[in-house]
Every structure is written in C-alpha cells, then in structure tokens.
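A.B. asks: Here's a structure for you.
The values are calculated or read from the model by the stated rules, or taken from the named source; none is laboratory data. If you're wondering where the values come from, they're calculated on a predicted model, not measured in any experiment. Every residue, glycine among them, receives a Cβ derived from its backbone with ideal geometry; neighbour counts consider all protein chains shown.
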C-alpha cells in the first residue's frame, strides 16, 4: 500500500543531503565556532589553526565514529568536495569584508532555517552510523547505538577535546558530567533507529525518519524562539531516573546505619564518605523543589 | 610424561575465566571506582557518565591494546554478555539499597578472595595479549611485550587519561613518572610470557601460567594483609638499576668539571643544569640511606 | 638523457637512510629531549618513562601518521633494528659517564653536521608519507599533504601531546597557535611533493628531492649559525596572508557600523565582540610596524 503519507515520507527519506543541507550544517557549525571569544582573533593570527578547528566543528561526529571503529580519521579529508565546500564557508564567514555573513545570520529567521536544516542532517547521520556499525557487528546493538550517537552528537565531544588540548577548556561546556539536550535527544534517536534496524520496532524506516526529524526540528525551533534550554521531556527523565536509580528514602534512612557501622572498619568510612554527600546532593535537590 | 603436577597445571591453565573470575574482576574494578571521592555523587547526578567510567575501569586494558593495534576500541561493546554482566555489577554496587554490597565488601576475607581472583584474570590477559600480538608481528617481540603489558595493566593508564580529560587529574596517581607495583609485575610477566612464546624460555606454558599466577596472588594477598605498598623485589630492582644506570661515583666526580667547562660555551650550561639536580637527587637518596 | 646532474640527483635520491642519517636523527632528537629541564633527572628516577619519551621524540612523526591512517601505532616497535639503535643512542646520551656525548655535542660543527643530516631524513619522510597516503586514497590530495606533513613534522605535535598528558605542558611551546618554522617548511615540502606526485608539477622527483633537501639544509644551518629564528620567507607569507585574509582597511572602517548595529540585536554583540579585539590586534601590528 502506498498511501500519500507513505509517498511523502519515502520521498523525504530519499532527500539528498549534499548541497543545501550540508551547507546549512557547515554554516551553523562555523558560526558557533565564531561565537567563541577570541575565535576571530585567532583566525587573523593563524588562519590554518582556525581552518582546522572549523573542520573539526563540521566533521567532528564522523571523525569520532571513525576513531571508535578504527577507521582512518583522515578519511573525511578524502572527500574533496565537502572539504572545499566547508572551507569556502569558513573563509566567507571569517574573512568576508564588513562581516556581511554575521550581519545576515544575526536575523532570527535565517538562524531558524539554518538550525532546522542542520537538525535534518542529524537524522541522516544517526541512520548512517547505525547502518555502518551494523555492517561491522551483526548483533552488536550496543555498538550500533554508540556509533549512531557519535555520528549525531560527537562533534561537541571532539571540539571539547580539541579545546582541552589547546588549553582553553571551559569546564561548564564539557559534555562528560551533564549531557546537553542535543546529546540526550541524539541518544534517544540512536536507540530508536537501532531497535528499528534490529526489527524490534515494527515501523518502516522512512516513517520513523520523518517523524523523528519533525520532532527534532520542532523542539529545536521552539527552544530557539522561547530562548529557554529546558528539556521538553524532563518529567519523563525524572520518572525514569527515579524508577531506576532513585531509592532516596530507604537509602538515606539506612545511611545512618552505614555511618555508624563504618566506625568499626577502616575501609567502610572511605566508602560511605561519597555516598554521604551523594545523599546531600539529593536532599539539596528536594529542598530546591520544595522552595 | 603427565605427572599429577602437569595434570594440575594443565587443568588450571584450561580454567574458563567467564562467569566467576570476570565477576570478581568487575567487582574489584567498580569498587575501586566507587572508592574515588565524589564517584557515588556523580553516579546520582549523571548515571550514564558513571556507567561509562565503570566500563573504562572494567575493560580499560583491552581498549588500550585495541588502540595500540588499531583495532576498533568499541569491539569490547560487541561482547554483549560481558557488558551486561559488568553493567549489572555496576548497578548493584552503586544503586543497591542500604549499600549492602559495600557493607559486604568492606570485610577483609571477601576483599582477599576477589582480589586473588582478579589477579588470576591478569595472567590470562597477559597471555592473550602476547599471543594476539604475535599473530600480527611474527618476530616483533617488543610489540608482544607491550601488548601483554597493556592488556594486563593498561586499565590504570586509560582511567588516568579519562580523569585527565574530565579535569580531575591527580598528579600523585599518574603512572607515567613512577610505575605502580601492578605495572611492574605485569611488565615482568609480559616479558616472561613473551620469551616463553618465542621459545627462549624452555618451560611449558601451563606450568609458567600456574607459577606466575601463584606468585601474583601470593604477593597481592600479602600486600593486602600487611598493608604496606613496598615492592617485594625492590632490592633486585636496585641492583639492576645500579648495574645499568648507576655510575654515581665517577658521574658526580666529573660533574664538577662539566660545571666548570659549561661556563665556556652557552649550550653546555643548559645541558649540565638538569644533570646537576639529577646528581642532587642521587645525593639525597644516599643521605636518606645513611640516616 | 642522463646528464651528470641527473646522475648526481638520482644517486642522491637513492641514498639509504638507515645507518648514518637515522643515527643523526636519533641523536638530535634525544639531545633535544635532554635539553628539556628535568629530563635527565627523570631519566635517573624512572628510566622506562624516559626511554618511552625518547622513542616518542624519535618516531613521533611515524606514530602520528599511523594514528591518522588507522594503522597500528605500535608498528614502529616491530622494527627491532631501529628501536635498538635509538635505544642505545638514548642510553649513551643519558647514562654515559662524565656525560661525554653532551660534551662533544656542545661543539658547533658537530651540531651542524647532525642537524643537516636530520634535515635530509625529513625529505625522505615527506616523500614516504605522500606515497603511502596515495596508496590509500587515489586522488585524496588533501590526505597526501596531511600525511606528508605529519610524517615530516608530526614529532613535535606528539611530544607536545605527551607533555600535556604528563601535565608539563608549556603553552609557549605548543604548535597549535603559531606554527614553528619547521612545521611551515615541512608543509611547503609536503604540498610540493604532492603536486609532483599528482603530475601537476613537471619536475622529476629526484631533482625535486635534491633541491628541497639542499634548501632545508641551507636554511637550517644558516639559522643555527646566525642564531635567529626568523623565517626566510616571512615577506612571502606576509603578502599571501594579506592577499587572502587581509582587508583590514574596509574591515576596520565598517567595524564601527557593526558595532553600532550590534546594539539593536542581542546576538550581534556577541559576534562583533571577537572581531573587535581582532581588529585591535591588527591595529597593534600596525602601530608596531610604524614605530
């Protein structure tokens, strides 16, 4: 049965990313790089290093997945067309006279369009990563999730690492401790597409790609308009984490015992120490909520 | 000739690590992670990052050897069974109500049993690494030693690197400057098994595995009971290093000359500078010994 | 036609690096390591770590190119002969009584000879890297340039990274922000040899190797004699960068507008901020020149 809906989603899932969506992705990535303090100054002092950083911002996810799968990280350099495209965009953004691109990009509609198109490329990257990982490990579904995640959201990890090497690491920007909204939603998408690939999810891929992309674009644009970084499914997360990891009640209740017990043996104290401030943080959360 | 001794060692060398010894290894690794200050608090705030760190603690050696041999570092994720086993152990240890596992683990006999079983897995890892490296490089005995070492003791290097990336690097815990006892004894075992593999050591492998494992377990348990971190073969090391690198006498005697000489040329001073404090450290050692 | 010139360059391009030029390369690299403050002291405290650092200094370029092409980074360890050669040189330099090698190396002619021979090995490395990368990617000329560059000058990047891991990172020594003369000239050579390999440069390879090596040795020795680190082709660079990235005039002229404009929209200010200090640095440059 090919209903108009199926025809639409099928045609959508066959859209080629190459010229326009890639351009939007490079535009958003390089603009994000230029927003960093001192980036433009570095581009004047040392264009090569700035170009390298821009390439890391544009192709970071692919590089990370190549590293994780022991493929040549330089393989993205072999794709001359995309490299030249990204380089020209980097050149225009950084060295255009009168800074016209930044002027034009500073208008909201342009930003919304570019950000929406970039989110579309994210879906394609996740699907590509999952399929690629499956060609390596037949039933390694954990690997498929990891690679899809790396391709979709790995750019930020790569750029953080690059800033760490450069010495300009901003601890509030690191992805290790608290995942950004992008990392979370990309992980969700990677899980969904992996299950679809392993036939645990009885949905046709093009429908899933269409729906997930719509979800991505809608949430991204709403977050950009109502300039808040709050995650739409925070409540869902909260329930899951409470279900999985949350036994604060009996935990903090028998915290006293362990404290008292730990006075008998030397090692127990060292173990119960971190748990103590763990429950402290939990209590802090509760007090925040009650206020 | 299959004497009872041979039968015993042969049966021992055919023991499967999978269910129980691996569990002990994961238990010791994750408990070591939980002992770190703030680890439990991080597990409450961000379970995913804590899980990732636990996996690095459990599979660090394999990951390092994969990186060194340009194999996919994610390959350990393809082994779903071990991943689920380690994840469940991580889950029980961190989120068990009333912290029962830490309570039970804080008793010495349990720790001794787990640590002993973990040492047994070390031997298996070294042998596996040496054999695996030999399948790549026929007569690259240096590579065999390095891979055996990485599989056996590489976990600490990986976890140090991961702490470095996270920004929580403890310089007194780094493996670069002074090797831990584990790294030393693993290097020794890697050298021994490499020589056995290249037929320079006329001992059957199962006997060697049995003896080396016994040595590992005995030294580990004695070190845990008599809570001292002193290396049993410090004297052996001392003689070797004195034989290879120790000419303090004539060195420090002709240090004066070089000092005086170095006043004539510009570069000499920069060279003799580090050597000077080198001999200073040597002198310090001597004064320590004489006191 | 084989003129005497062709015969000379052909014979030169067939010179084997193995015994003598490699020795010079290892000698210069390990001496550069020993010049670092505290290196000799570390060699006394922990010979293994010092040996590892020395190997990184000697084989850094090859390791980096292996990493970039997803080949085993340990492959250099499989070449037992070179490893033993470099290790013996490391041993002699660090542990020779009365520090004879440093004494001898502190004389200028010896340094000039060793440095010149090391520059010769650089050409061979670049050519080897370009050819090796071409065997992977037929028309990936960007990859060829990158690999030739990595083989030729990647050692410094590797050693910087190793110092970063060790915690002893010196920000004035990092290769990211401002490229050293070596990095620049190696990049130039890599570009030249890549174009020669892709038949865009109608020069026979042995002629090119001869000329480029002569250029390398001459510039290196002149820089060592007239102890100035100024780049010979600074003027060429200046014109190119002015041609490509330099529109300071109209740029700083319409900087005012963007400043004023940026008061209307929130994001514009964040974008024009780095550009502002970019133009500041530019103005600083101008004032420097005028003084």
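A.B. asks: What are the residues in segment A:77-89 that are more than 10 Å from every other protein chain (Cβ to nearest Cβ) and at pLDDT 90 or above, if any?
C.D. replies: Correct list: A:85, A:86, A:88, A:89.
A.B. asks: Can you tell me which of (1) at pLDDT below 85; (2) surrounded by fewer than 20 Cβ atoms within 10 Å (Cβ to Cβ) is the one residue B:42 doesn't meet?
C.D. replies: Condition (2) is where residue B:42 drops out.
A.B. asks: When you go through (1) under 22 Å from the mean Cα position of the chain (by Cα); (2) under 20 Å from residue A:190 (Cα atoms) one by one for residue A:138, which number turns out not to apply?
C.D. replies: Going through (1) under 22 Å from the mean Cα position of the chain (by Cα); (2) under 20 Å from residue A:190 (Cα atoms) one by one, residue A:138 breaks only (1).
A.B. asks: Among the residues of segment A:28-35, are any within 29 Å of residue A:213 (Cα to Cα), within 22 Å of the chain's Cα centre (by Cα) and facing another protein chain (nearest Cβ under 7 Å)?
C.D. replies: There is at least one residue in segment A:28-35 that is within 29 Å of residue A:213 (Cα to Cα), within 22 Å of the chain's Cα centre (by Cα) and facing another protein chain (nearest Cβ under 7 Å).
A.B. asks: Now a separate question. Kindly check whether there is at least one residue in segment A:68-76 that is touching a residue at least 24 places away in the same chain (Cβ under 8 Å), within 21 Å of residue C:65 (Cα to Cα) and facing another protein chain (nearest Cβ under 7 Å).
C.D. replies: Checked segment A:68-76: at least one residue is touching a residue at least 24 places away in the same chain (Cβ under 8 Å), within 21 Å of residue C:65 (Cα to Cα) and facing another protein chain (nearest Cβ under 7 Å).
A.B. asks: While we're on this one: Scan (1) surrounded by fewer than 19 Cβ atoms within 10 Å (Cβ to Cβ); (2) touching a residue at least 24 places away in the same chain (Cβ under 8 Å) for the single condition residue A:100 breaks and write down its number.
C.D. replies: Status for residue A:100: all satisfied but (2).
A.B. asks: Quick test of your reading of the structure: residue C:144 fulfils all but one of (1) at pLDDT 90 or above; (2) surrounded by fewer than 17 Cβ atoms within 10 Å (Cβ to Cβ). Name the failing condition by number.
C.D. replies: (2)
A.B. asks: Would you point out the residue of segment B:110-123, among those that are touching a residue at least 24 places away in the same chain (Cβ under 8 Å) and surrounded by fewer than 17 Cβ atoms within 10 Å (Cβ to Cβ), that is nearest to the other protein chains (Cβ to nearest Cβ)?
C.D. replies: Once the filter is applied, the top-ranked residue is B:112.
A.B. asks: Those residues that are more than 8 Å from every other protein chain (Cβ to nearest Cβ), assigned to a helix (DSSP H, G or I) and more than 25 Å from the chain's Cα centre (by Cα), I need them from segment A:95-109; list them, please.
C.D. replies: Matches in segment A:95-109: A:100, A:101, A:104.
A.B. asks: Quick one: is residue C:13 more than 9 Å from chain B (Cβ to nearest Cβ), in contact (Cβ under 8 Å) with a residue 40 or more places away in the chain and surrounded by 20 or more Cβ atoms within 10 Å (Cβ to Cβ)?
C.D. replies: no
A.B. asks: Somewhere in segment B:17-26, is a residue within 12 Å of chain A (Cβ to nearest Cβ), touching a helix residue (DSSP H, G or I) at 6+ places or on another chain (Cβ under 8 Å) and surrounded by fewer than 23 Cβ atoms within 10 Å (Cβ to Cβ)?
C.D. replies: No, every residue in segment B:17-26 fails to be within 12 Å of chain A (Cβ to nearest Cβ), touching a helix residue (DSSP H, G or I) at 6+ places or on another chain (Cβ under 8 Å) and surrounded by fewer than 23 Cβ atoms within 10 Å (Cβ to Cβ).
A.B. asks: Being at the interface with chain C (Cβ under 9 Å from one of its Cβ atoms), within 30 Å of residue A:212 (Cα to Cα) and modelled with pLDDT of 85 or more is the requirement here; does residue A:58 meet it?
C.D. replies: So residue A:58 fails the test.
A.B. asks: Here's something else I'd like to know. Across segment C:124-142, what is the total count of residues that are in contact (Cβ under 8 Å) with a residue 12 or more places away in the chain and assigned to a helix (DSSP H, G or I)?
C.D. replies: Of the residues in segment C:124-142, 13 are in contact (Cβ under 8 Å) with a residue 12 or more places away in the chain and assigned to a helix (DSSP H, G or I).
A.B. asks: Now, a different point. May I ask you to verify whether residue C:50 is in contact (Cβ under 8 Å) with a residue 24 or more places away in the chain, within 14 Å of chain B (Cβ to nearest Cβ) and closer than 25 Å to residue C:150 by Cα?
C.D. replies: In short, yes.
A.B. asks: Condition (residue is crowded, with 23+ Cβ neighbours inside 10 Å, touching a residue at least 12 places away in the same chain (Cβ under 8 Å) and more than 30 Å from residue B:63 (Cα to Cα)) applied to segment A:82-91: is it met by at least one residue?
C.D. replies: Looking for residues that are crowded, with 23+ Cβ neighbours inside 10 Å, touching a residue at least 12 places away in the same chain (Cβ under 8 Å) and more than 30 Å from residue B:63 (Cα to Cα), one finds at least one in segment A:82-91, hence yes.
A.B. asks: Restricting the search to segment C:143-164, which residues are over 12 Å from residue C:68 (Cβ atoms) and without any contact (Cβ under 8 Å) to a residue 12 or more places away in the chain?
C.D. replies: C:161, C:163, C:164
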